[in-house]
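First comes the structure, then the notes that go with it.
Each value in this text was obtained by applying a stated rule to the coordinates, not by laboratory testing. Being a predicted model, the structure only gives us computed values, none of them experimental. Heads up, the Cβs are rebuilt from the backbone with ideal geometry, glycines too, and the neighbour counts pull from every protein chain shown.
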Amino acid sequence: MKDQFGRDIHYLRISVTDRCNLRCRYCTPPGGSDRRGVLSLEEIVETAREAAALGFRKIRVTGGEPLTRRDIVPLCRALSAIPGVEELALTTNGVLLPQLAAELKSAGVSRVNISLDTLDPEKYRYITGGGSLEEALAGIRAAWEAGLTPLKLNAVLIGGFNDGEIAALAALSEHAPAEVRFIELMPMTGLFGPEAYLPNRAVLERLPLLEAAGTGGTARQYRLPGAAGTVGLISPLSCSFCGGCNRLRLTADGFLKPCLHWEAEYSIQGLHGEALREKIREAVLQKPARHGALSFQDRSHAGRDMNQIGG
């Protein structure tokens, strides 16, 4: 369906939980977020079904960490079976994929995005609040083996933390048809100083051999010479892609969020049928033309932590 600016809104990102088995510093605040009640499987599927009836064709399941939800496989199976849904994808930290990748594939998940901010075990432990790089890499291997491809590896670019690993992370695209995506750090928490907010042109400066290879969703794509995969740059700060935004978000506790960096939310709690469809229409029509400026000084107006909204 169209919003008031003529954009085709057909992509629903569903946060199915605000819980996570890691505590990434750019996602969850030090003291943790307030726990909120989450939607049931039936409520999520009903909302997705009504959205599909209005023209939504793509669904991405997010969290928190979606694989911590006990009914994640039947939930994905139900979402993939909705008429009109052409693609069901999932974003994860990968830690639980060795146990669940094959089941997710059989349930209709076509591909996954996996967070991987560093290849250094100690730095991984630091940025994730105690996570294991070995477990994350095992999850990546499990995704390949299950056919959850094309695989995207998401690295949040943080100055002073992983900017020295740009070449090593990009090299993961050389021998496999994966997309390594560098995402500019968004000002959602106050844990990082101004030096952390690097523009993605730093990637192009460090990797002068990158060649333009088109676009893929919000990412500008590049390729190293002879590489099987690509390098993607997602630049919410230095190069806004609001003009092509095609998404609506559903938070784990039942609010439609037209814009990640906008405070406005629309509750779907207790709504069914035409009333639910009307709320989805309202949220789409209230999408702003763009969010405000984002920088160390200009903080996001999201109104929530990232784990509560969904990555």
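Overview of results
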| quantity | calculated |
| --- | --- |
| Distance (nanometres) between label positions extended 7 Å along Cα→Cβ at ALA293 and ARG206 | 2.7 |
| Burial ordering of MET306, MET186, fewest other beta-carbon atoms within 10 Å first | MET186, MET306 |
| Gaussian network model of the chain, Cα within-10 Å springs - most flexible of LYS152, LYS287, LYS123 | LYS123 |
| Rg ratio (alpha-carbon, reference 2.2 N^0.38 Å) - the chain | 0.95 |
| Using θ = phi - 60° and Karplus 6.51 cos²θ - 1.76 cosθ + 1.60, couplings along region 60-65 (whole Hz; Gly, Pro as x) | 10, 8, 9, x, x, 9 |
| Net charge of Cβ neighbours under 10 Å - reference ALA212; Lys, Arg +1; Asp, Glu -1 | +1 |
| Fraction of antiparallel bridges per DSSP, the chain only, in percent to nearest 5 | 30 |
| Protection-proxy order for peptides 199-212, 80-93, 229-242, 15-28, each taking the mean of Cβ atoms within 10 Å per residue, highest first | 15-28, 229-242, 80-93, 199-212 |
| Built amide H within the under 5 Å cut-off of LEU157, gap 5+ | ILE183, GLU184, LEU185 |
| Any cysteine of the chain lacking a neighbouring Cys Cβ under 4.7 Å - listed by number | CYS20, CYS76, CYS239, CYS242, CYS245, CYS259 |
| In sequence order, calculated HN-Hα J values of region 195-206 (Karplus, 6.51, -1.76, 1.60; Hz; x Gly/Pro) | 5, 6, 8, 8, x, 5, 5, 4, 5, 5, 5, 6 |
| Region 185-267: C-alpha gyration tensor shape, a/c 1.5 cut-off, then a/b vs b/c | oblate |
| Shape call, region 106-187: gyration tensor on alpha carbons, a/c limit 1.5 | prolate |
| Using alpha-carbon coordinates, inclination of helix 97-106 to the longest axis of the chain, degrees | 50 |
| Tilt relative to the chain, helix 41-53 - C-alpha long axis, 0 to 90 degrees, to 10 | 90 |
| Calculated [θ] (222 nm, deg cm²/dmol) that DSSP helices of n ≥ 4 give over the chain, each run adding -39,500 (n - 2.57) | -7500 deg cm²/dmol |
| Degrees separating the helix 133-146 axis from the principal Cα axis of the chain, which is the longest one | 60 |
| Rounded to the nearest 20 debye, dipole of region 11-309 from Cβ charges on Lys, Arg, Asp, Glu | 420 |
| Global form of region 29-185, assessed from the alpha-carbon gyration tensor, a/c cut-off 1.5 | prolate |
| Relative contact order [Cα under 8 Å, 6+ residues apart], region 11-309, whole percent | 20 |
